[in-house]
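Following: one structure in structure tokens, then a few remarks.
Computed from the coordinates by the stated procedures, all read-outs in this text should not be read as laboratory data. If you're wondering where the values come from, they're calculated on a predicted model, not measured in any experiment. No Cβ is skipped: glycine too gets one built from the backbone with ideal geometry, and neighbour counts run over all protein chains shown.
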Amino acid sequence: MNILFIIIGSGLVLLIAYFTYGSFLSKKVFKLDDKKVTPAVEINDGVDYVPAKKGMLLGQHFSAIAAAGPINGPILASAMFGWAPALFWVLLGSIFIGGAHDMGSLVASIRHKARSITEVIRINVSNRAWILFMIFIWIALVYIIVAFTDITASSFVGMLTLESGEIINGGAIASSSIMYLILPIMMGLLIKFAKVKESIALFIFVPLVGVCIWAGQYLPVTLPIADLLSSQKAWSLIILLYCLIASVLPMWLLLQPRGAL
């Protein structure tokens, strides 16, 4: 089957779900009201609470849900069970599980001063239930962070052979990734201090993402470690260090522009 028909058909299904089931969730289930002030506007401390326009906000949430797990999972499922079951699972799961889950989490957080889901649980359930939930969250996060870090670090070492037969150096992927992470910082600084409009900033920096991907193959970054396994472990530590730094940087400096890009 032509992949174009699958893409168009899937897009139509998601579009219909957005205007039907999405509208049902927002109006009937969560009863959203644009007149209510969000914590980002109410608190607005310039670090963790930073108002964002629709485009920036959409990019941030989209980058959060479309991470390595939701991408690698369907690929593995397709290899094991065939593309059709995986496709139906992605479509139906995104609508009836992912849509309700992620929207519900966001709404619950917004209505509790943008607290994390663990703090929301702590307020609304017993202390014993909260402790059990904290243990579950901790185990889940350790598993997710280890898996994502390992997947990313493994792509930064050795050589990767595509289906077309083209061979890509892992150092090129690392180089493109590093350059890509520099772009949102530059974009955030321009928007914050030079008062560049978000639309103009995106017009400038989105093409530069493509330049970073192209330039990576000519400027590969490799660690001075001969053993591939040791090199992968070193990249894992560097990635975890990046996660630590990114978690404490102001939202406007990295996370919001990175999500938009």
* To do: Between Gly73, Gly158, Gly170, find the one with the highest GNM mean-square fluctuation for the chain; connect C-alpha pairs within less than 10 Å.
  => Gly73
* Asked: Once you charge only the Cβ atoms, +1 for Lys and Arg and -1 for Asp and Glu, what is the size of the charge dipole of the chain about its Cα centre, to the nearest 20 debye?
  -> 980 debye
* To do: Among the chymotrypsin sites (Phe, Trp or Tyr not before Pro) in the range 139-232, which ones are in a DSSP loop with at most 12 other Cβ atoms within 10 Å of the Cβ? Mind listing them?
  => Tyr218
* Asked: So for Glu198, Glu119, Glu166, fewest C-beta neighbours within 10 Å to most, what's the order?
  -> Glu166, Glu119, Glu198
* Structure fact -> Here the Cα Rg-to-2.2 N^0.38 Å ratio for the chain is 1.13
* When the chain is modelled as a GNM with alpha-carbon springs shorter than 10 Å, which of Ile71, Ile167, Ile239 fluctuates the most? -> Ile167
* Kirkwood Rh, Cα atoms: Rg over Rh of the range 3-139 -> 1.01
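Please arrange Met251, Met186 by counting, for each residue, the other beta carbons lying within 10 Å of its beta carbon, fewest first.
Placing the least packed residue first, the sequence is Met186, Met251.
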* Structure fact -> Highest GNM mean-square fluctuation among Ser175, Ser126, Ser94, for the chain with Cα springs under 10 Å, belongs to Ser126
* Asked: Taking only the alpha carbons of the range 152-260, what extent do you get along each of the three principal axes, in Å, biggest first?
  -> 46, 32, 21
* Structure fact -> Helix-only [θ] at 222 nm, the chain, -39500 (n - 2.57) per DSSP H run of 4+, per residue, nearest 500, equals -22000 deg cm²/dmol
* Tell me, what is the percent relative contact order of the chain, built from C-alpha pairs under 8 Å that lie six or more residues apart? -> 26 percent
* Taking Cα pairs under 8 Å and at least six residues apart, what relative contact order does the range 141-261 come out at, in percent? -> 36 percent
* Positive dipole terminus of the chain, leading residue within Ala226, Pro51, His101 (C-beta point charges) -> Pro51
